[in-house]
Amino acid sequence: MLTKETVRLSPTSLSNYQLCGEAWKQRYINKHYTPMGVEAFKGISVHKAAEENYRQKASTKKDLPLLELVEIAEKHFLAETDRCEIHWTPELEKEGRKDVLIRLRTELVKATTCYAKIVAPGVQPIILDGDPAVELELWTKIPFEDVDVNLQVRIDCISSEDGLIRIHDLKVTGKQKDQTTWDRDMQMTLGWLALTEKLKCEPEAVIIDQIVSYKKGDRHVPVYTTRVGADLEVAKRHVLAQIRGVRMGYFPPAPPGSWKCNPNWCGYWPTCEYVNPERVAPLKDDEDDELRKLLG
């Protein structure tokens, strides 16, 4: 009797494959890693402050002071941008690296302040298996006929109020996503699946705590989403589709015009055989909207 193959998979891997199979191949098969864009460090640093706050709050039930959270975020941002290699896009190079770092540090303080004043007070992390349910790593097996998938999921925070379990996911972004986008989000679905397997009961909801940057200041835009059995089955089919695609050597590039296929968002752009790098990158969404208005 043949032993079934076991494959390890994460929601990030699945999302990357769906966005651009060619970029996925470069990263996961060819081991050609490109550095993160500098703006990603802003969100990561806010996450770091939130993580430290939630870890201690699980037992103290009190939030850290605002100034302490800002200090944690700033310290992390400065250390990481100094230590790590950074993908500088043509657009940011034009702005100037020093000016970009100063701007992002200012934005970081605003986002952390929004988190501390509005998001954090409404979240009470739980203790799970003796540890705070913060940056929780879960493993669950998804069996198929010819392969078993070990799904690795990471959840920002799990809270409980009145006995109801909720998943929290913090997003720091310049553009909020709508309800439909989050209802279909595969990362949230697979997180729901893994936590249900762990607790042997379904969570009450996933809460996406979006901190959105606007010209007039940052806003907290929460979105509540849930999953049903059909959502979980669809997610499993997506997982199997990726595994079969990789087995067959099928790595479809991002569709022409996709936001992903852009030198500002993809470090593989300059060497990708599926794009002409001399062409101007696709318009940003806001520029595209302005163009539509002008054209009536």
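The values are calculated or read from the model by the stated rules, or taken from the named source; none is laboratory data. Worth saying up front: this structure is predicted, and the values here are computed from it rather than measured. Counting neighbours? That spans all protein chains shown, and the Cβs are built from the backbone with ideal geometry, glycine included. Keep in mind that these areas ignore ligands, DNA and RNA; they rest on the heavy atoms of the full protein, side chains included. Shrake-Rupley method; radii C 1.70, N 1.55, O 1.52, S 1.80 Å.
At 0.36 nm per residue, minus the direct Cα-Cα distance, what do LYS4 and SER59 gain on full extension? Give it in nm, one decimal, please.
15.5 nm
For the peptides 41-48, 15-22, residues were scored by their other Cβ atoms within 10 Å and the scores averaged per peptide; the highest-first order is 41-48, 15-22. Can you pick out the pairs among LYS175/LYS260; LYS48/LYS171; LYS98/LYS215; LYS4/LYS31; LYS177/LYS260; LYS25/LYS236 whose Cα atoms lie more than 23 Å from each other? Violating the 23 Å limit, Cα to Cα: LYS4/LYS31. Electrostatic tally near ALA111: other residues with Cβ closer than 13 Å to its Cβ, Lys and Arg +1, Asp and Glu -1, net +3.
Short to long, the 10 Å bins of the Cα pair-distance histogram for the range 1-131 hold 11, 28, 28, 23, 7, 2, 0 percent of all pairs.
Here the spin labels are modelled as points 7 Å beyond Cα on the Cα-Cβ line, and at LEU67 and GLU161 they lie 3.0 nm apart.
Working ranking of peptides 58-65, 155-162 by packing, defined as the average number of other Cβ atoms within 10 Å per residue, highest first, is 155-162, 58-65.
With kT/(6 pi eta Rh) evaluated at 4 °C and eta = 1.567 mPa s, and Rh the Kirkwood radius from Cα pairs, the range 137-290 diffuses with a coefficient of 71 µm²/s according to Stokes-Einstein.
When ranked by the protection proxy of mean other Cβ atoms within 10 Å per residue, highest first, what sequence do the peptides 67-76, 197-206, 137-146 form? All intermediate terms of the calculation are to be shown ahead of the outcome.
Values: 67-76: 17.7, 197-206: 15.6, 137-146: 12.8.
Top to bottom by mean Cβ count within 10 Å: 67-76, 197-206, 137-146.
Rg and Dmax over the alpha-carbon atoms of the range 29-83 stand at 14.3, 46 Å.
Mind pulling the per residue volume of the convex hull built on the Cα atoms of the range 95-199? Å³ is fine. Spell out each step's value before the answer.
On the way: hull volume 18.6 nm³, N = 105.
Hull volume normalised by residue count: 177 Å³.
If you place +1 on the Cβ of every Lys and Arg and -1 on the Cβ of every Asp and Glu, how big does the dipole about the Cα centre of the range 6-52 come out, in debye to the nearest 20? Could you put the intermediate results ahead of the total?
On the way: 6 positive and 4 negative charges, 44 e Å.
Result for the range 6-52 is approximately 220 debye, rounded to the nearest 20.
Before I look further, what does the chain give for accessible area per residue, probe 1.4 Å, in whole square angstrom? Present the calculation step by step, with values, prior to reporting the outcome.
On the way: 17140 Å² over 296 residues.
Per residue, the chain has an accessible area of 58 Å².
Once you have the Kirkwood Rh of the chain from its Cα pairs, apply Stokes-Einstein at 20 °C and 1.002 mPa s and quote D in µm²/s.
On the way: Rh = 21.1 Å.
Rounded, D is 102 µm²/s.
Please report the carbon-and-sulfur percent of the accessible area for the chain; probe 1.4 Å, protein heavy atoms only, DNA, RNA and ligands left out. Display every interim value, and only then the final one.
Numbers: 9070 of 17140 Å².
After summing per-atom areas, the C and S share lands at 53 percent.
R0 = 22 Å: FRET efficiency of THR106 with CYS84, Cβ-based, nearest 0.05?
On the way: r = 20 Å, r/R0 = 0.91.
FRET efficiency, THR106 to CYS84: 0.65.
Shape class of the range 81-155 from the Cα gyration tensor (axes a ≥ b ≥ c, square roots of the eigenvalues): oblate, since a/c reaches 1.5 or more and a/b does not exceed b/c.
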